[in-house]
Amino acid sequence: MAAAAAAGELPLSDDILADILIRLPTLADFGRACASCPAFRRVITGHPFLRRLHALHPPSLLGTRTYFGFHPVDAPNPSASAARALAGAADFDFSFLPEPGFWMVRDERGGRFVVDRDEGMDDTFTTIAVCDPLFRRYELLPAIPGDLAATVQQPDRVNGERRCDVFLAPSDNEEEIVAGAPKSFTVIWMAQCPTKLVAFVFSSASMQWRAVAPASWRDLDPSMRSVSEKSLRYRNYAYGCFYWSLEEFPFRQNLIVLDMGRMKFFRANHPPPRERGEFSIVELGESRLGMFRLASNNMDGGGVLRLFSANRETHGSCVSEWVYEKEAPLSRSYKYDMLGLADGKLILVATQNVRSAPEVHCISLDFKALLHEEIQGMIHHDFRPHVPIPLPTPYMGYPPSLSLPTI
């Protein structure tokens, strides 16, 4: 038996080995098992086993995707080793995408990226691709059909750029997980037109685009004084819905929701007070929706982070739906920006409130205890908030050896 084990073969079937190995408690243990025995590695790295593993172990925060590329977390973070391996294995420059042209990253979800490029003819309808930088795979999406495109008014412009967005929706088709094939993906193209909000949804399962019921700005916000002053910001996702803040400077903000199940937009109530500011939507469990609101002290730094909750099934039905839960004061020595959610925590960037060479830190905030800790290595040394480049985006994933292709 010892000789067989040394040769990388055990007197156990792969199915029995899989049932034993799946009981390992942490992702690090799976990595050590792979390194210890060829038979273990063969079973663990098989796609059926990895799908079982992913169902039991959520992805970890491995770093951030920024304008400057991917930046892995550093020690003492327990995911530092996996993050370094991902940084070395993946092509985050997207050099495997077809040339010519410059591909712009629009969104990322679960290791899958959606990118697009302007062909030089129409910056409203660009060429869109979905790709996997770890496995260097991509799929070009078909163009939006002419009958759908004809319903789009020329989108508004901000600083010379059209208000068009392309982003990914989560996919959780359990049948595909069992079958062992890569999950299907869903891409949403959306435009803020002068009188309405328009969106089209592409499914890789059907390879077709379909339209979301358009919504007029007046329907979304009857108090809107000028459609030219609208702005959708802070896209969030929870429980099958996307959320944005509809802002009209200097007026209050409203909450706009895209329900992916009903394929329609609607307006929902905002927790009081409805002042302008950043927010993040979270899934609190037991059908409860949470919202973190960042109330800053203007340019002085600091402020308060407040948590509200609501029942997602009655969301939008009454003013009193949001319930104040708790709040955490923020240091006046720093200014704060929300990056998103990762590992069940809220990720913030804290920038020192000084004029020259400010220190910039990335911190995670636990929902329940409202305790925070710093995350090393997530912010590039050249990063400066409040400049016209996108904020870093948390990247969740698995070590390369435990990853599955998403395309």
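The values are calculated or read from the model by the stated rules, or taken from the named source; none is laboratory data. Keep in mind that this is a model prediction, so the values were computed, not measured. Here the Cβ is made from the backbone with ideal geometry for all residues, glycine too, and neighbour counts use every protein chain on show. We work out accessible area using only protein heavy atoms, side chains counted, and drop any ligands, DNA or RNA first. Shrake-Rupley method; radii C 1.70, N 1.55, O 1.52, S 1.80 Å.
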### Query
R0 = 51 Å: FRET efficiency of Thr45 with Asp147, Cβ-based, nearest 0.05?
0.65
### Summary
Quick calc: nm separation of the 7 Å Cα→Cβ label points for Lys368 and Ala211 -> 4.7
### Asp15-Leu391 pseudo-label distance in nm [points 7 Å out on the Cα-to-Cβ vector]
5.0
### Task
Could you order peptides 343-351, 237-245, 321-329 by the average number of other Cβ atoms within 10 Å of their residues, highest first?
343-351, 237-245, 321-329
### Query
Which FRET efficiency, nearest 0.05, do Ile22 and Lys264 yield, Cβ-Cβ r, R0 30 Å?
0.15
#### Entry: Length released on extending from Asn311 to Glu327, taking residue separation times 0.36 nm less the Cα-Cα span
3.8 nm
### Query
What spacing in nm lies between the two simple spin-label points modelled at Ser203 and His361, each 7 Å away from Cα in the Cβ direction?
4.7
### Query
Quick one: how many Å² of Met207 are accessible to a 1.4 Å probe, rounded to 10?
80
### Message
Run the reach check for Lys326 against lysines, Cα to Cα strictly under 29 Å, same-chain hits fewer than 8 apart removed. What comes back?
### Response
Lys335, Lys345, Lys368
#### Entry: Whichever lysines have a C-alpha closer than 19 Å to that of Lys196, once near sequence neighbours (fewer than 8 apart) are set aside
Lys230, Lys264
